[in-house]
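The values are calculated or read from the model by the stated rules, or taken from the named source; none is laboratory data. Since this is a predicted model, take the numbers as computed values, not measurements. For neighbour counting, all protein chains shown are included, and Cβ atoms are generated from backbone atoms with ideal geometry for every residue, glycine included. Accessible surface areas use protein heavy atoms only, side chains included; no ligands, DNA or RNA. Shrake-Rupley method; radii C 1.70, N 1.55, O 1.52, S 1.80 Å.
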Amino acid sequence: MDYLAKKHEYAFLNNKLNLVRVHVSQVANTNYDIWTEGYSKKYRNSIQLIKHAIKNFNQSELPPIIIVADSKIGSGGISSYNHDDDVIYYNSYYHTQARINRLVNGKLFASNLKFVRSRII
């Protein structure tokens with residue numbers, strides 16, 4: 001995996017509403033705007049998983065994707081989107097398809113939740 005010398009700091013609120021700052025490096029040799037906090041195998045695997053998942057998307061329509069540690073995102077979630085800054089934060093804990101499948105198949109995924117529609121009278 002190749003990383004550019006370009007570095008950046010991002011700040012976001014995690015799922016416990018704590019302010020988190022991460023220092024990340026931009027990933028080179030990809031058509032997408034992917035940044036990573038670490039260089040270990042799980043981060044490299046996360047990058048490959050993301051690149052495979054978004055390969056059919058128009059790169060100009062995707063916001064920056066920042067790969068961060070599970071402890072910083074707040075444990076449990078696969079990713080988080082900050083609409084104010086237009087940034088996707090991806091949890092490095094989910095660096096294999098098997099880990100994502102366990103979460104999705106465990107019915108903890110938002111698409112499996114049932115919502116009650118309220119009426120305004």
Please compute the net charge surrounding E9, taking Lys and Arg as +1 and Asp and Glu as -1 over other residues with Cβ under 11 Å from its Cβ.
+1
Heavy atoms of V24: accessible area, 1.4 Å probe, square angstrom to 10:
0
Can you tell me, using C-alpha contacts under 8 Å and at least 6 residues apart, the relative contact order of region 11-62 as a whole percent?
24
Loop-only check: which trypsin sites (Lys or Arg not before Pro) in region 3-104 are DSSP coil with at most 16 other Cβ within 10 angstrom?
K16, K55
Can you give me the accessible area per residue for region 1-71, using a 1.4 Å probe, in Å²?
60
For V87, distant residues with modelled amide H under 5 Å away:
N82
Around I67, which amide H atoms from residues at least 5 apart in sequence, or from another chain, sit under 5 Å from its own amide H, with H modelled in the peptide plane?
W35, T36, E37, Y90
On the protein heavy atoms, probe 1.4 angstrom, tell me the percent of accessible surface of region 20-68 carried by carbon and sulfur.
47
